[in-house]
1. Are any of the pairs Lys146/Lys253; Lys210/Lys246; Lys210/Lys368; Lys68/Lys339; Lys81/Lys161 more than 19 Å apart by Cα-Cα distance, and if so, which?
2. Return Cys274, Cys137, Cys94 ranked ascending by Cβ neighbour count within 10 Å, so the fewest neighbours appear first.
3. Under 13 Å Cα to Cα from Lys307, which aspartates and glutamates show up? Leave out anything in the same chain fewer than 8 places away.
4. Which value in nm describes the separation of the simple spin-label points at Glu62 and Lys130, placed 7 Å from the Cα toward the beta carbon?
5. Within region 243-333, which chymotrypsin sites (Phe, Trp or Tyr not before Pro) sit in a loop by DSSP and count at most 14 neighbouring Cβ atoms inside 10 Å?
6. So if I take the centroid of the Cα atoms in region 94-120 and the same for region 299-373, what is the distance between those two points in Å?
7. Please identify which residues in region 221-239 have an amide N closer than 12 Å to a label point set 7 Å out from the Cα of Lys292, following the Cα→Cβ vector.
8. Could I have the simple spin-label model distance between Phe191 and Thr245, label points 7 Å from Cα toward Cβ, reported in nm to one decimal?
Amino acid sequence: MNTRRDFLQKIGASALMLQLANVTSAWSNTPGDSETLYDGPVLRVAIMGLGGYATIVAKAMETCTRAKLVGLISGTPSKMKDWQAKYNIPDKNCYNYQTFDQVKNNPDIDAIYVITPNALHHDQIIRVAKAGKHAICEKPMALNAKEAQEMIDACKKANVKLLVGYRMHFEPKTLEIIRMRNAGEFGKIMFFQGLCGFRSGNPSQWRLNKQLAGGGSMMDIGIYALNGARYMIGEEPLWVTAQETKTDTVKFKEGIDETIQFQMGFPSGAVASCLSTYNMNNLDRFFLTGEKGFAELQPSTGYGPIKGRTHKGELVQPEPTHQTVQMDEMAQIILEGKKPIVPIDGEEALKDMKIIDAIYSAAKTGRKIDLKS
Ligand code: NDP
């Protein structure tokens with residue numbers, strides 16, 4: 001059977017055309033497409049933690065071409081039963097948090113996607129690595145840079161890949177802005193603004209529990225502005241300053257940041273100004289400006305559709321389901337060694353964790369933190 005890749009090779013597409021085609025093929029995910037055009041390797045994935053975001057990922061994976069949900073890890077037997085029925089998952093591919101190390105003896109699972117509260121990622125990813133399975137971890141990767149480094153080391157030692165769920169790294173309008181920046185269409189980049197936040201609801205949720213969340217809005221939503229500043233400017237920051245404000249000390253207890261503003265300076269002289277909050281709605285906006293032009297995304301990191309424009313006009317790239325593209329792309333990264341345009345591995349996430357550590361330190365001490373050391 002002909003694959004899309006065979007077809008492209010036959011027409012003699014250049015390497016660049018091929019990369020573009022691989023990304024666009026993931027955008028046009030329809031079941032019909034997959035059946036007729038794709039007969040290559042498929043990443044068989046088990047999801048750990050059957051909560052809100054896992055539900056979105058599992059649904060999105062139904063239209064994946066290269067990734068398939070084949071296993072479940074859950075602490076809630078009733079949920080497991082429902083998911084098994086919905087996704088046709090056999091008992092032999094189901095585990096709980098006590099038994100999932102046994103997945104090492106299961107040849108039908110290639111990778112485990114950890115979608116549990118932040119504080120659990122470190123130990124769970126290390127156990128996944130020890131079981132010899134590729135690890136996909138939700139953001140934030142860990143509670144701090146030390147944990148993130150230990151996760152990277154464990155995956156290296158076990159010779160498995162470690163990827164982090166940065167779905168925006170595959171979003172078409174985001175990638176178009178990155179292409180324009182690399183082509184010099186904005187000129188020298190001067191400034192980035194990232195505004196990310198929402199009003200946090202239920203006070204008893206794990207996100208407001210320091211033990212499970214590791215922090216507040218910065219860990220959960222501010223990380224999008226931080227990561228966005230890095231991929232929109234295309235450089236690594238040299239320094240960071242940060243200020244924290246709190247209006248509700250009952251809901252946002254010690255260690256749970258309600259609102260943090262942070263600023264970063266980059267080697268080219270570009271600066272970023274970002275806002276992370278659990279106390280304001282309608283905050284989902286990126287703005288990038290250079291000497292020759294600008295780009296704006298609003299919404300910039302929600303589940304989509306992402307909307308945006310540049311000095312050249314409205315961005316009209318396709319609006320695929322983020323998690324479908326993410327999982328198809330991750331399958332190619334794991335199974336075929338594909339290099340994504342913006343990295344999505346543990347090292348990339350470690351950079352965010354180091355800066356988050358510095359942001360918390362800057363907010364606490366009022367000092368400008370040097371990130372070069
Ligand atoms: P939920 O609370 O909706 O789900 C978390 C699940 O983890 C639970 O349903 C439960 O599943 C499992 N779990 C295991 N131990 C615990 C525990 N002690 N307390 C609570 N749950 C536990 O959270 P989300 O799905 O919203 O978030 C999970 C992760 O995904 C977080 O790291 C978050 O940052 C990330 N996320 C990423 C998004 C993205 O766009 N990339 C969007 C939303 C979240 P079970 O009952 O099956 O064991």
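Rule-based calculations on the coordinates, nothing more; no lab input. On a predicted model such as this, the values are computed, not experimentally measured, just so you know. Backbone-built Cβ (ideal geometry, glycine too); neighbour counts: all protein chains shown.
1. Details: Lys146/Lys253 24 Å; Lys210/Lys246 15 Å; Lys210/Lys368 25 Å; Lys68/Lys339 21 Å; Lys81/Lys161 29 Å.
Cα-Cα > 19 Å for Lys146/Lys253; Lys210/Lys368; Lys68/Lys339; Lys81/Lys161; rest within.
2. On the way: Cys274 25, Cys137 28, Cys94 19.
Listed from fewest to most nearby Cβ atoms, that is Cys94, Cys274, Cys137.
3. By straight Cα distance, Lys307 reaches Glu171, Glu176, Asp284, Glu296, Glu319.
4. So the two model labels end up 3.7 nm from each other.
5. Details: sites: Phe252, Phe262, Tyr278, Phe286, Phe287, Phe294, Tyr303; in loops: Phe252, Tyr278, Tyr303.
Taking region 243-333 and a limit of 14 other Cβ atoms within 10 Å, the loop chymotrypsin sites (Phe, Trp or Tyr not before Pro) found are Tyr303.
6. Using only Cα atoms to place each centre, the spacing works out to 25 Å.
7. none
8. Modelled inter-label distance: 1.9 nm.
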